[in-house]
Amino acid sequence: MIKGFEHSTEGMNATVVLQDIIANNLANVGTTGFKSGKLFISLLEQADNPPELQEREALDLTQGALKKTDYPWDLALEGPGFFVVQSDQGTFLTRNGAFSLDGDGYLVTHDGAFVLGERGKIQVAPGVSIGEKGEVVKDGVEVDRLRIVYFGQTHLIERHGQGFLAVPAEAVPDELPAETRVRQGYLEQSNVDPLREMVAMMYAFRLFEADAKALKSQDETLGRAVNEVAQVR
């Protein structure tokens, strides 16, 4: 009986996490470079205690559609990888290439974080172009190259504030796949499928409802059992 309580409660907890993930996906259907989330459940090993189920979000890193904008500082990644940016809070990853120039001519995100190149912050000027491999070219000469990183262990990548992504400090990037390209004058759209998310939301609601009914039924059964024991005495 107690096991039944635990299973129903665990199911409800997982469904709540799933609903939060789905709601966040739907809220970001129009967010440039957004990657939808999905539920990931694992067993958390605990010293001197039984393993415990752990629910968290895993990212779906599939490619979003590319939209042509012709704005020179809109950049999209076609293929795996992430742009690297630096804010006051640290260094982060992003697929949102809706960049612009600040007052000093540095390439920045809409929140003012600096887009990083292999040599640090990228300062550009009229006539500068970005090549398919991230080359920052001025007057035909490569002056820097966008810092683009790739992590094959995708479970290390988690959401961070301001729409950024992050990995543990000790994580080491893998070699960038050869097929990855930078597209200047394009933006990657969100990879969220609204219809799929709505279907998932209805399914999650039914799962939660079923677990809630099971929990209530088990509670009523336990209550009757307790009362019958009391009457026998």
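Rounded to the nearest Hz, the phi-derived 3J(HN,Hα) couplings of region 21-26 under the Karplus curve 6.51 cos²θ - 1.76 cosθ + 1.60 (θ = phi - 60°) are 5, 4, 4, 5, 4, 5, where x marks glycine and proline. Quick one: how many Å² of Ile41 are accessible to a 1.4 Å probe, rounded to 10? Counting only protein heavy atoms, Ile41 exposes about 80 Å² to solvent.
Extension gain, Met202 to Lys138: 0.36 nm times the residue separation minus the Cα-Cα distance gives 17.8 nm. The residues Lys121, Lys35, sorted by heavy-atom accessible surface at 1.4 Å with ligands and nucleic acids left out, run Lys121, Lys35 from largest to smallest. Sorting Val182, Val143 by accessible area puts them as Val143, Val182; the probe is 1.4 Å, largest comes first, and only protein heavy atoms count. Sequentially through region 27-36, phi angles give Karplus couplings (6.51, -1.76, 1.60; θ = phi - 60°) of 5, 10, 4, x, 8, 4, x, 5, 10, 5 Hz, Gly and Pro residues having no value and appearing as x.
Residues in region 73-82 carry Karplus couplings, in order, of 9, 7, 10, 10, 9, 10, x, x, x, 9 Hz; the curve used is 6.51 cos²θ - 1.76 cosθ + 1.60 with θ = phi - 60°, and Gly or Pro positions show x.
Rolling a 1.4 angstrom probe over the protein heavy atoms with all chains in place gives region 112-160 an accessible area of 56 Å² per residue. The accessible area of Arg181, taken with all protein chains in place and a 1.4 Å probe, comes to roughly 70 Å². Volume of the convex hull of region 26-168 (Cα atoms only), normalised per residue: 135 Å³. With the simple spin-label model, which puts each label point 7 Å out from Cα in the Cβ direction, the Thr69 to Lys38 separation comes to 2.8 nm. Note on Asn13 and Glu175: the extension gain reaches 54.5 nm, defined as 0.36 nm multiplied by sequence separation minus the Cα-Cα distance. Residue ranking by accessible heavy-atom surface, 1.4 Å probe, largest first, among Asp60, Asp174, Asp102 comes out as Asp174, Asp102, Asp60. The GluC sites (Glu not before Pro) of region 97-175 that meet both conditions, a loop assignment by DSSP and at most 14 other Cβ atoms within 10 Å of the site Cβ, are Glu118, Glu132, Glu170, Glu175. Taking amide H positions as modeled 1.01 Å from N, with prolines and chain starts lacking one, the residues under 5 Å from Asp174 and 5 or more places away or on another chain are Tyr150, Phe151, Gly152. Relative contact order of region 85-182: 22 percent, from C-alpha pairs under 8 Å at least 6 residues apart in sequence.
Of the peptides 73-80, 107-114, the order by per-residue mean of other Cβ atoms within 10 Å, starting with the highest, comes out as 73-80, 107-114. Modelled spin labels at Ala23 and Thr91, positioned 7 Å past Cα toward Cβ, are 3.5 nm from each other.
The values are calculated or read from the model by the stated rules, or taken from the named source; none is laboratory data. The structure displayed is predicted, hence computed values, not measured ones. Every residue, glycine as well, gets a Cβ built from its backbone with ideal geometry; the counts of neighbours run over all protein chains shown. Quick note on the areas: whole protein, heavy atoms, side chains included, nothing else; ligands and nucleic acids left out. Shrake-Rupley method; radii C 1.70, N 1.55, O 1.52, S 1.80 Å.
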